[in-house]
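The values are calculated or read from the model by the stated rules, or taken from the named source; none is laboratory data. All values reported here derive from a predicted model rather than from experimental measurement. Heads up, the Cβs are rebuilt from the backbone with ideal geometry, glycines too, and the neighbour counts pull from every protein chain shown. All accessible areas refer to the heavy atoms of the entire protein, side chains included, with ligands and DNA or RNA removed. Shrake-Rupley method; radii C 1.70, N 1.55, O 1.52, S 1.80 Å.
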Amino acid sequence: MLPEFVEPLGDGLYAIDTGFERPRFDAAYLIVDSGRVAFVDTGTNHAVPRLLAALEALQIQVDAVDWVIPTHVHLDHAGGAGLLMRSLPLARMAVHPRGERHMVDPSALYAGASAVYGEAEMERSYGRPVGVEPARVITTHDGMTLTLGTRVLEFIDTPGHARHHHCVWDARTRTWFTGDTFGLGYPEMVNANGHWVTPTAAPVQFDPEPLKASVARLLARRPSALCVTHYGRVPHAPHLGPLLLSQIDEMAAIGNRLRDAPERHTRLREAFVSMYRHRLAEHGFTDVGARLPLMAMDVELNAQGLACWLDRKS
């Protein structure tokens, strides 16, 4: 029997709830084919016991794992990658070239986050990431492929959320592993009208036009599903692209309108609350007030990320 934090998605794909922040908020994915295995995203250091427990529950030996693939190096996606690889003797890491140095030596990544959140919060939420031996790391490039068992995984460069972001295409299942490029799709935000998704502008490299181009590239494959890190498998549906792209435009418009506003951070936060309130109601939710608290972290991070974008443009 699988632990409750492991969800089979079919065709050798599994979502693992990493336990970060709240249940079903942060996913790592397991791809299994012909006895060979890859992790896509890992969560934080605190997730590593769950990832190893998932292998054990599936009766997979640690030396069957060939690849650890962070979609990008933000700590909720890749913070546990180095610690995990210490338990995976044959695994290599496939990382975006802009993220390689942070996986080999995560000290700058940790220091930057600590300056924002403080040491106590970093230890509580993330733990201290450990580096990966350079010989075990390869960098990806747009269009690059890897073979896992009998299936082919393809990488494309997807800037917009972060410049060190790539997405992974599983041709077998016609599934994208999207990290944060296809936004957030929380399980609590699904109703009779389908999944509701929203972009994430978390600091510090949000850039709306490249993000829109990256989303368009994902949709051009006509995927069956998109596996988002926050959280789970989102079946592709016609409303998703316009929903996501229109919100990216709205976020940019909010930023441009409030660029020089007094108390800008507070005004940005208020604008995001208003946007979510309207968008959730538009999607058919009648209890928007009860759902808005689930977006509290995103309101704060998006306000910070939008400010970073505005300041770069100045």
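Couplings 3J(HN,Hα) of region 209-222, computed from phi: 5, x, 5, 4, 5, 5, 4, 4, 5, 4, 5, 4, 6, 6 Hz, in residue order, whole Hz [Karplus 6.51 cos²θ - 1.76 cosθ + 1.60, θ = phi - 60°; x for Gly and Pro]. Ignoring ligands, DNA and RNA, what percent of the 1.4 Å accessible area of region 90-231 is carbon and sulfur? Carbon with sulfur: 52 percent of the solvent-accessible area. Using bins of 10 Å that start at zero, the share of Cα-Cα pairs per bin across region 64-140 amounts to 21, 53, 22, 4, in whole %. Over the chain, DSSP H runs of length four or greater, each weighted -39,500 (n - 2.57), average out per residue to a 222 nm ellipticity of -11000 deg cm²/dmol. Here each label is just a point 7 Å from Cα along the line to Cβ, and for Ser274 and Leu301 those points are 2.4 nm apart.
Take the chain with all the other protein chains still there, run a 1.4 Å probe, and you get 41 Å² of accessible area per residue.
When restricted to Cα atoms, region 268-314 yields an Rg and a Dmax of 12.3, 40 Å, respectively.
For region 132-198, dividing the convex hull volume of the Cα atoms by the residue count gives 138 Å³ per residue. FRET efficiency for the Ala220 to Asp142 pair, using the beta carbon distance and R₀ = 22 Å, is estimated at 0.95. Region 38-79 and region 1-15 have Cα centres separated by 13 Å.
For region 40-147, the relative contact order comes to 31 percent (Cα pairs under 8 Å, sequence separation of at least 6). Averaging the Cα positions of each part gives two centres, and for region 227-292 and region 172-202 these lie 13 Å apart. If you wrap the tightest convex hull around every Cα atom of the chain and split its volume per residue, you get 128 Å³. Geometric descriptor of region 164-311, per residue, is 98 Å³ (volume of the convex hull of the Cα atoms). Panel note: the C-alpha atoms of region 218-297, placed on their principal axes, show extents of 45, 29, 22 Å (largest first).
Working from Cα pairs under 8 Å separated by at least six residues, relative contact order for the chain is 14 percent. Excluding Val132 itself, what net charge comes from residues whose Cβ is under 10 Å from its Cβ, given Lys and Arg +1 and Asp and Glu -1? Surrounding charge for Val132 is 0. Taking label positions 7 Å along the Cα-Cβ direction at both Asp287 and Arg163, the computed distance is 4.4 nm, reported to one decimal. A simple count of charges around Pro235, restricted to other residues whose Cβ falls under 13 Å of its Cβ and scoring Lys, Arg +1 and Asp, Glu -1, yields +3.
Kirkwood Rh over Cα pairs of region 1-147 into Stokes-Einstein at 10 °C, 1.306 mPa s: D in µm²/s? The estimated diffusion coefficient comes to 104 µm²/s.
Summing +1 for each Lys or Arg and -1 for each Asp or Glu, what net charge is found among the other residues whose Cβ lies under 15 Å from the Cβ of Tyr110?
-2
Computed over region 1-79, the alpha-carbon pair-distance distribution with 5 angstrom bins reads 3, 17, 29, 29, 16, 5, 0, each value a whole percent.
Summarising the amide proton neighbourhood of Gly179: residues at separation of 5 or more, or on other chains, whose placed amide H is nearer than 5 Å comprise Thr229.
Once the Cβ-Cβ distance of Asn191 and Leu52 is raised to the sixth power relative to R0 = 30 Å, the FRET efficiency obtained is 0.25. Restricting attention to the chain, close to 70% of DSSP beta bridges with both partner residues there are antiparallel.
The candidates Ser114, Ser34, Ser314, arranged from most to least accessible area with a 1.4 Å probe in the full protein assembly, appear as Ser314, Ser34, Ser114.
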